[in-house]
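Everything on this sheet refers to the single structure shown next.
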Amino acid sequence: MAIPIINSWQDYYPVAHEGLGSSYERIILNSLLLLLHKTGKFESALETPCFGFTGISGINLVALAQKDCQVMLEDHDPMRAAFIRGSWQQLKLPLQIRLNPGYTKLDYADKSVDFGFNFSALWFVQNLPEFIAEFCRVIKKSILISVPNRDGIGFKGQLKGYSPEKYPDLHPQHIDPKTIIWLMRKEGWNLVKQGYIDCPPWPDIGMSKEDFFAEKLGRARHKSDQQPQQIENPLSIMPYYQGNDPRFADRMLRLYPFELLAPRFFKRIWAHHYYMLFQP
């Protein structure tokens, strides 16, 4: 989670605007989620924590809900949980969302959920071994965990402004893939697939691509110009989910050949995220 987004997540709600970066990321993530859903035949899915790396929080699993998968979310912020609930109401989709301050306990029965998911949010977990143990207890079929690409050239920029004193609830050490894999194996889960994901032509910059290039060109917008009500032609996946922008995915996937053809050594320094798929 880029530090600026931690401080300004609520700005994405008055007018849904995520920019090209998050829009592309969501379509690529949807492709992976829908493939897993097709092969795993998931009837239920849990995302915890659900406050991850991108603009509008809590909508990562909408594509699964539209396939009649029961979706459950957990967040630690009451206001954000209310906004998330509102987004799902706009989409007229059912949702269960719970508050979970530290994520050390998950209030679900053993093996009661088919699919577990976490997208760049493990650094909000207060005790990683306890969370992993609980996650493995609750999930029945598959767990997909994605973390920021720590080898990527943009990763250090994601933590700009971070200090343990300023952000005591944020734990960057919890997004280390080797640690996650070790803990999952300790709980009896096997790593069945891993790789880089979200590798578009632009770097991982922790802000909207549009603002980044405007800043580089010396045309950074004034703060007043960044207010949601002044955004022209907002770009978001929400109209696509509502059926009002059916070609949204096609527009985003025009950039996919770059990701598909990029060699692994290039993805290691350029891709934005790294995912790990586990099964018991």
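Brief remarks follow.
- Only a single criterion out of (1) touching an Asp or Glu at 6+ places or on another chain (Cβ under 6 Å); (2) part of a loop (DSSP other than H, G, I, E, B) is not satisfied by Glu25, namely (2).
- Residue tally, condition under 12 Å from Ile97 (Cβ atoms) and either part of a helix (DSSP H, G or I) or of a type in the set (D, E, K, R) (or both), over the range 36-64: 1
- For the range 156-171, residues that are surrounded by 13 or more Cβ atoms within 10 Å (Cβ to Cβ) and of a type in the set (S, T, N, Q) total 1.
- The set of residues in the range 24-46 being crowded, with 21+ Cβ neighbours inside 10 Å and either of a type in the set (Ser, Thr, Tyr) or touching a Gly at 6+ places or on another chain (Cβ under 8 Å) (or both) consists of Tyr24, Ala45, Leu46.
- Any hit, the range 148-164, residues being touching an Asp or Glu at 6+ places or on another chain (Cβ under 8 Å), in a loop (DSSP other than H, G, I, E, B) and small (Gly, Ala, Ser): yes
- Hits in the range 96-141 (condition: under 20 Å from the mean Cα position of the chain (by Cα), among the small types (Gly, Ala, Ser) and outside any strand (DSSP E or B)): Gly102, Ser120, Ala121
- Scanning the range 86-113 for residues that are closer than 21 Å to Asn244 by Cα and touching a residue at least 24 places away in the same chain (Cβ under 8 Å) turns up Gly86, Ser87, Trp88, Gln90, Leu91, Leu93, Pro94.
- Test: residue in the range 257-268 that is over 20 Å from Pro148 (Cβ atoms), in contact with a Phe, Trp or Tyr (Cβ under 6 Å, 6 or more places away or on another chain) and either modelled with pLDDT under 95 or assigned to a helix (DSSP H, G or I) (or both): no
- Filter pass, His222 being over 19 Å from Ile56 (Cα atoms), modelled with pLDDT under 95 and not small (Gly, Ala, Ser): yes
The values are calculated or read from the model by the stated rules, or taken from the named source; none is laboratory data. Because the structure is predicted, anything quoted here is derived from the model rather than measured. Positions of Cβ are backbone-derived with ideal geometry, glycine not excepted, and every protein chain shown enters the neighbour counts.
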